[in-house]
Each structure stands twice: as C-alpha cells, then as structure tokens.
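Contents: one structure, followed by commentary.
The values are calculated or read from the model by the stated rules, or taken from the named source; none is laboratory data. Predicted model, so just to flag it, every value in this text is computed and none were measured. Glycine also receives a Cβ, built like all others from the backbone with ideal geometry; neighbour counts cover every protein chain displayed. Surface accessibility is based on the protein's heavy atoms, side chains included, excluding ligands, DNA and RNA. Shrake-Rupley method; radii C 1.70, N 1.55, O 1.52, S 1.80 Å.
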Amino acid sequence: MQPSDLVVSKAGDVVVIRYVGPKGAPGMPEMLQVTGALSGAGLSESVGLITDGRFSGATHGMVVGHIAPEAASGGPIALIHDGDIITIDVATRKIDVQADLAPRAVQWKAPELKYKTGVFAKYVQTVSSAALGAVTGSYS
C-alpha cells in the first residue's frame, strides 16, 4: 500500500498495514508518511490505522502500532481481509475483528522472505517480537 492509496478511505474505515514489523519489513518502518496522508486527506480523526510497524511522536489520530505477534509471524493482523469489520476500543485496549479467523489461520502461509542471505536474512531469523523489544539477542 502506498500513502496515495489512502485517499479511497472514508470516515469509519480502518486501514491495516501489515508485514512491516521486525521480521516482515525487516525492521519496523515509521508510518509518518501514512498518517500524514490520512491527515492531508482530512481523515486523521475519522479513519483508524492498525499496523505491525511503528509510529513516531509526530503521529496523531486513531492509530495502533507495534501489533504483536506481527503478520510475518502469523499474527492475527495477517488474517484480516478487506471488508472485515474492525472495532478499536481504546478504553479496554482491545481490537476486535468480526470474522472467524480460525479457518484463515489454517490456510495462512508465511510470505517468501525478501532476503535469503546476508545481514537482513540473519536479522529476520533472530529478531524477537516488537512486544519484546525487537532485539536480536538475549540481554540480562
């Protein structure tokens, strides 16, 4: 998805950007371009955004980042389809998808790795979840 794709969004939509978590990107690209596009389209207060990527301090609006487990690890964000009804409940810190995700999980296949050799391949094989700090080693 490119930021220009967001102009097709309308109030009440939830935009899902996945496969940009620690393993998926690899790394966690900053979503400021996307939130800027939403803001520029006048949608920052009426369109939600969930991602396994990250946000900076300049981000505003209804955004949820660092979703873990990430899509590249088979997390629930990988199972969302266009048209699914998504509810973001800030008070309970919960995201609900009105869909039966179990059959989708059985059929889900990990995307092909972007890097098969080199430092990025090693990173993808060793990086932890964003929930654990996206680190590549254990630290005491």
Selection from the stretch 95-122 of residues surrounded by 10 or more Cβ atoms within 10 Å (Cβ to Cβ) and in contact with a Ser or Thr (Cβ under 9 Å, 6 or more places away or on another chain) yields 95, 96, 97, 110, 122
In the stretch 40-77, how many residues are open to solvent by less than 60 Å² (accessible area, probe 1.4 Å), in a helix (DSSP H, G or I) and either of a type outside the set (Val, Ile, Thr) or at pLDDT below 90 (or both)?
-> 2
Number of the exception - residue 71 against (1) among the aliphatic types (A, V, I, L, M); (2) without any contact (Cβ under 8 Å) to a residue 40 or more places away in the chain; (3) in contact with a Phe, Trp or Tyr (Cβ under 6 Å, 6 or more places away or on another chain) = (2)
In this structure, is residue 16 among the hydrophobic types (A, V, I, L, M, F, W, C), without any contact (Cβ under 8 Å) to a residue 40 or more places away in the chain and open to solvent by 30 Å² or more (accessible area, probe 1.4 Å)?
-> no
Cβ pairs under 9 Å, 6+ apart, first in the stretch 25-39 and closer than 21 Å to residue 131 by Cβ and open to solvent by 40 Å² or more (accessible area, probe 1.4 Å), second of a type outside the set (A, V, I, L, M, F, W, C) and part of a loop (DSSP other than H, G, I, E, B) = 29/53; 30/53; 30/56; 30/59
